[in-house]
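Supplied in structure tokens, the structure appears directly below.
The values are calculated or read from the model by the stated rules, or taken from the named source; none is laboratory data. What you see is a predicted model, and the numbers here were worked out from it, not measured in a lab. FYI the Cβ positions are ideal-geometry reconstructions off the backbone, even for glycines, and counts take in every protein chain you see.
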Amino acid sequence: MPVPRRFDRQPPERDTTRINERIRVPEVRLIDEDGQQVGIMRTQDALRRAQEKDLDLVEVAADAKPPVCRILDYSKYKYEQAQKAKSARKHQQQINVREIKFRPKIAQNDYDTKKGHVERFLRRKDKVKVTIMFRGREVTHPERGQMILERLAEDLSELATVDQRPNLDGRNMTMMLGPSKAVLAGENPAKGEEAPNGSHAPEAEAEAPAPVEAEAPASGDDSDWFAPVDGAPGDKANDQI
């Protein structure tokens, strides 16, 4: 059993921003707590001014000559920057890349099934990499794979845009499809659209079939059509001699 190592963890990221006593240049260009430029002054004087305001002297432009420093509450500044980064990640749209593989001699039922998978991925706003796999001497007829890819792009033209045209790479031909502008906008332009609650849209109810009137048999034998009545000629018991 392997013994776990204690020091495999990555060290925490160190804050490289220079503040207060970590600023070791002789002079800085100072911006006060109100955002107004004070001008170039000695670093010790700028630090003393920040301490009088119970704030921090923070280096905001280290590459400038002299470096630009600002008087502010560094803890509050870091919190606001973290919240802005979190908000940016929240509104950032993540697009996944799915892959569907076809064969150049694919049957119609398999084609319809895989096309349904591609449509489902596109509705989720994912990109789809469509791959045609050639085997043996099939690679000598790449036009068959290209026909399948072009047909798929045409069948899904309302949902997809072709980000990458069919490209033969070795024994595989690939094409990249991305969601159309209508899908990214939240629309569902294709057939078979689902209702907002996830269930299928209600279809028109089928009309009940009209009652069919029974017709008498064409033959002269009515024994199977009418039930025999007691004493009537159709009653076998009364027909015996």
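Being aromatic (Phe, Trp, Tyr) and surrounded by 13 or more Cβ atoms within 10 Å (Cβ to Cβ) is the filter here; which residues of the range 44-80 pass it?
74, 77 - these are the residues of the range 44-80 that are aromatic (Phe, Trp, Tyr) and surrounded by 13 or more Cβ atoms within 10 Å (Cβ to Cβ).
Table: residues versus (1) within 21 Å of residue 180 (Cβ to Cβ); (2) crowded, with 17+ Cβ neighbours inside 10 Å; (3) modelled with pLDDT of 95 or more; (4) among the small types (Gly, Ala, Ser).
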| position | (1), (2), (3), (4) |
| --- | --- |
| 118 | yes, yes, no, no |
| 122 | yes, yes, no, no |
| 127 | yes, yes, no, no |
| 134 | no, yes, no, no |
| 145 | no, yes, no, yes |
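Of all strands (runs of 3 or more DSSP E) completely enclosed by the range 15-129, which ones contain at least 1 residues that are under 30 Å from residue 167 (Cα atoms)?
The qualifying strands (runs of 3 or more DSSP E) are 97-102.
Which residues, taken from the range 138-187, are in a helix (DSSP H, G or I) and among the charged types (D, E, K, R)?
Listed by number, the residues that qualify are 138, 143, 144, 150, 151, 154, 155, 181.
Going by the structure shown, is residue 18 at pLDDT below 90 and surrounded by 13 or more Cβ atoms within 10 Å (Cβ to Cβ)?
Yes; evaluated as a whole, the condition is true for this residue.
Sticking with this structure for a sec: I need the full set of residues from the range 49-74 which are basic (Lys, Arg) and under 46 Å from the mean Cα position of the chain (by Cα), in order please.
Passing the criteria: only 70.
When you go through 156, 168 one by one, which is the residue that is surrounded by 19 or more Cβ atoms within 10 Å (Cβ to Cβ) and either of a type in the set (A, V, I, L, M, F, W, C) or touching a strand residue (DSSP E or B) at 6+ places or on another chain (Cβ under 7 Å) (or both)?
Among 156, 168, only 156 is surrounded by 19 or more Cβ atoms within 10 Å (Cβ to Cβ) and either of a type in the set (A, V, I, L, M, F, W, C) or touching a strand residue (DSSP E or B) at 6+ places or on another chain (Cβ under 7 Å) (or both).
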